[in-house]
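Below you'll find the structure, written out as structure tokens, and then a few comments.
The values are calculated or read from the model by the stated rules, or taken from the named source; none is laboratory data. In this text, all values refer to a predicted model and were calculated from it rather than measured experimentally. Note that each Cβ is placed from the backbone with ideal geometry, even for glycine, and that neighbours are counted across all protein chains shown. The protein model used for the area step is the full one, side chains on, heavy atoms only, and it has no ligands, DNA or RNA in it. Shrake-Rupley method; radii C 1.70, N 1.55, O 1.52, S 1.80 Å.
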Amino acid sequence: MKQDGELDALVRQRIRGLRTARGWSLDELAARSYLSPSTLSRIETGHRRIALDQLTPIARALGTTLDQLVESDNDDDVVIRPHRDEARGTTTWLLSREGAPYGVTVAKLRVTRPVPADLRVHPGRDWFTVLSGTVVLRLGERTIRVEAGEAAEFSTMVPHAFGAEGGPAEILCILDHDGERTHLGPTRSGAERR
């Protein structure tokens, strides 16, 4: 955990960085956040204590959230480590963090198993694109081959399962909460994520 002074400096740096990235002057941010330019200048330079009632309008004006503005810069988890699940015949790299926007999970999967016989259903929709290899998607009574460079999107209320054909396949998928639980299983736990 960062000391208060370190986090304070990080927040100030983020405010200034976001403002300059947008090409805004202090006057422009001041107009958008309903604070004075001198107050903003003193906040950015560390000559004024940052108050919560100032951070909220600043974050809103900069198009970010208060959480993002004050989150730690802990980079211990920069490297995404794979989670191998031999029973499912998959290796998973979770590319989105816990609590990602819109409640979706982005993951890269390496699939080595053939398409399972059991078809499953769950609420929502699944989307994936094949990065390499061939994926066989069983969707109800249909069997669909999805080649590298192609994508599939479907209602998960239709009984479905997928697997690799002719060797391992790698896919990039976007799953809602129900799809995450069904397709990724226990890989979401903090110890296995990164």
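Among the residues of the range 129-163, those that are touching a residue at least 40 places away in the same chain (Cβ under 8 Å), open to solvent by less than 20 Å² (accessible area, probe 1.4 Å), closer than 13 Å to V115 by Cβ and out of contact with any Pro (no Cβ under 7 Å at 6 or more places or on another chain) comprise H160, F162. Pairs linking a residue in the range 81-94 that is closer than 13 Å to I171 by Cα and touching a residue at least 24 places away in the same chain (Cβ under 8 Å) to a residue that is surrounded by 14 or more Cβ atoms within 10 Å (Cβ to Cβ) and among the hydroxyl-bearing types (S, T, Y), with Cβ atoms under 6 Å and 6 or more positions apart or on different chains, are T92/T187. Considering the range 107-128, the residues that are buried (at least 16 other Cβ atoms within 10 Å of the Cβ) and of a type in the set (V, I, T) include one that is nearest to the chain's Cα centre (by Cα), namely V111. Taking the criterion of being modelled with pLDDT under 95 and closer than 20 Å to D85 by Cα, the residues of the range 127-161 that qualify are F128, H160, A161.
To keep it simple, each residue is scored yes or no on (1) in contact with a Pro (Cβ under 6 Å, 6 or more places away or on another chain); (2) within 30 Å of A117 (Cβ to Cβ); (3) free of Cβ contacts under 8 Å to residues at least 24 places away in the same chain; (4) not in a helix (DSSP H, G or I).
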| position | (1), (2), (3), (4) |
| --- | --- |
| R14 | no, no, no, no |
| R49 | no, no, yes, yes |
| I58 | no, no, no, no |
| S72 | no, no, no, yes |
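Please verify whether the range 166-178 includes one or more residues that are at pLDDT below 60 and either out of contact with any strand residue (DSSP E or B) (no Cβ under 9 Å at 6 or more places or on another chain) or open to solvent by less than 50 Å² (accessible area, probe 1.4 Å) (or both). Yes, the conditions are met somewhere in the range 166-178. Selection within the range 19-62: residues that are modelled with pLDDT of 90 or more and at positive phi. The member of this set that is surrounded by the fewest Cβ atoms within 10 Å (Cβ to Cβ) is G23.
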